[in-house]
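What follows draws every value from the coordinates through simple rules; no lab data is involved. If you're wondering where the values come from, they're calculated on a predicted model, not measured in any experiment. Here the Cβ is made from the backbone with ideal geometry for all residues, glycine too, and neighbour counts use every protein chain on show.
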Amino acid sequence: MSLNLDALIRIVGAASMLLALSVGGAIAAAPTKAASATSTGQSSGAVIQQASPDDVAAAQHCDQDPAQSDIDDDDSNKAPAQAQDGKDDSDSQQAANSHDDGAGDSSAQSSSDTEGSVSGCANAGDKSDGQDKDDDNAGDDNTPPPAPSETSGVDYYHDSEGNSVQSDRTVQRAFLDDYLLVYRKDTVQARDADGYQLLSATSFSIHRDITDSLGVSGGFGAVRSLAWSDPVGSLESEAQVLGASITARISHDMLSTTAQEIRANIRQTDFSVDLSDDLNKQVSVDVQLHHTMYSDGNRSDDVEFAPQYTIDLRNSKLSLGYHFQYSAFAGNPNNGYWAPRELLSHEATLKWAYDWSALFGSVELAGGHQTVGQFGGTTSSLVSSYGGASGLDASITGIAGIRLTNASSIQYYVNRDSSVGFSSTATGMMFTYTF
């Protein structure tokens, strides 16, 4: 039975890698367009995220990608993922609000979440339990796998348009032989001027390192609201090539950032390729490509480029970065998610992360300029409601954590984002325990 399972996993890994290469080739051959739906502080919509191997037992509200609390985690150096597009899976960076493209990152739930921001409600890529990616590799013959762990958290989001969202999540992870198993459950309660929406999501994922340089993951689950129920799922492959990490992912999620998105029942299928490389001890770079198709017939393309320079300090790190994003949508159906005809964003980031024995956390500042092209006929009220005007965009994210014991920790985050015509605040707390 084990031999058959190994063979199946190898086949899935090979298929996903071939798909990654074909998607990458298609994007490279396409004319210079690209884009996802979110700008440096705005997103087209969060997705109900599924549990993923990199889902660091701690996740963020659908569309929120909390900053990495562990300063030794390489993922903390990535630019915020666009949660709205379920890019979670770039999971990296700042606590996100429903309009903050955080990735990976994004996602609301995604990221296998690899991120994916809570695609559905699981921005997973956040390693709040302080474990490094290397800890996920249980394949070492002489090293026992990490102990099972559980993370529980609550998040609250509100913005200048009267949207308020409260989400609760629980993520459990454990190793079974060479397999990492992750189970996630999320509940989202959202309100706006038109009423109340309730959404719940459950998902299960499995990950295995086929070799030292190749790993595969797969996940599935279901999302239920007051009026409908839909399946979600993802397939991901990660390979180490010439020192660089290449991740190819396909995910099917639900947009669930606000009550309007939940009410509209918009599903999305995202094809993504992520290339990250540490050029040396100080300089790293991350490149993301996304092509997303929506159930209302819309589609989008997104390209992001984020180099970063890190300075090691005493028990802390200081990171200076730049984040470029170009996004474009085929149309603007006005179904609850932000869909600009074209978005061009340039942003500078400054982050200080510390780890002082029992205390850990970070402070990140980001700011820049975005140019937004709207579709003809788009009303000024619609532009305002999504902060879609051209101009300055700025955000600040703070994370404070404490290790209660060797096996438990608690952390709190707050994110404030402001752009032309729009502002939002997201806060949350999570508790992690290792058995």
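For the range 261-385, give the magnitude of the charge dipole about the Cα centre (Cβ charges: +1 Lys/Arg, -1 Asp/Glu; no others), in debye to the nearest 20. Mind dumping the intermediate values first?
Details: 8 positive and 15 negative charges, 56 e Å.
For this selection, approximately 280 debye.
Quick check: residue separation of Met429 and Phe375 times 0.36 nm, minus the Cα distance between them. What number comes out in nm? Can you show the working numbers first?
Numbers: separation 54, 0.36 × 54 = 19.44 nm, distance 3.87 nm.
Residue separation times 0.36 nm, minus the Cα-Cα distance, leaves 15.6 nm.
Work out from phi, with θ = phi - 60° and the Karplus expression 6.51 cos²θ - 1.76 cosθ + 1.60, the ³J(HN,Hα) of each residue of the range 344-357, listed in order in whole Hz, and give x for Gly and Pro.
10, 10, 10, 9, 9, 10, 9, 9, 10, 10, 10, 8, 10, 6
For Arg299 and Val363, calculate 0.36 nm times their separation in residues minus their Cα-Cα distance, and state this gained length in nm to one decimal.
Working: separation 64, 0.36 × 64 = 23.04 nm, distance 3.46 nm.
Length difference between fully extended and current span is 19.6 nm.
If you count, for each residue, the other Cβ atoms within 10 Å and average over each peptide, how do 217-228, 333-344, 188-199 line up from highest to lowest? Show your work: numbers first, answer last.
Values: 217-228: 19.8, 333-344: 22.5, 188-199: 17.8.
Sorting 217-228, 333-344, 188-199 by mean packing, highest first, produces 333-344, 217-228, 188-199.
With a sphere of radius 11 Å drawn around the Cβ of Gln240, what net charge do the other residues whose Cβ falls strictly inside it have (Lys, Arg +1; Asp, Glu -1)? Mind dumping the intermediate values first?
Working: positive: none; negative: Asp209, Asp212, Glu238, Asp277.
Result for the local shell: -4.
What are the equivalent ellipsoid semi-axes of the range 272-408, built from the alpha-carbon gyration tensor (square roots of five times its eigenvalues), in whole angstrom, biggest first? Don't jump to the answer; show the numbers that get you there.
Details: eigenvalues 243, 61, 49 Å².
The equivalent ellipsoid of the range 272-408 has semi-axes of 35, 17, 16 Å.
Just order 320-328, 274-282 by mean Cβ neighbour count inside 10 Å, highest at the front, would you? Walk me through the numbers before you get to the answer.
Details: 320-328: 21.3, 274-282: 15.0.
Listed from highest to lowest mean packing, they are 320-328, 274-282.
Along the range 164-172, what does the Karplus equation 6.51 cos²θ - 1.76 cosθ + 1.60 (θ = phi - 60°) give for ³J(HN,Hα), rounded to whole Hz, x for Gly and Pro?
Along the range 164-172, the couplings run 9, 9, 10, 10, 10, 9, 9, 10, 10 Hz.
Can you compute the modelled spin-label distance between Thr170 and Ala407, with each label point 7 Å from Cα toward Cβ, in nm?
For Thr170 paired with Ala407, the spin-label model returns 1.8 nm.
Sorting check: for 253-259, 208-214, 170-176, which peptide has the highest mean count of neighbouring beta carbons within 10 Å, and how do the rest follow? Provide the component values of the computation, followed by the final result.
Working: 253-259: 33.4, 208-214: 15.4, 170-176: 19.1.
In descending order of packing, they fall as 253-259, 170-176, 208-214.
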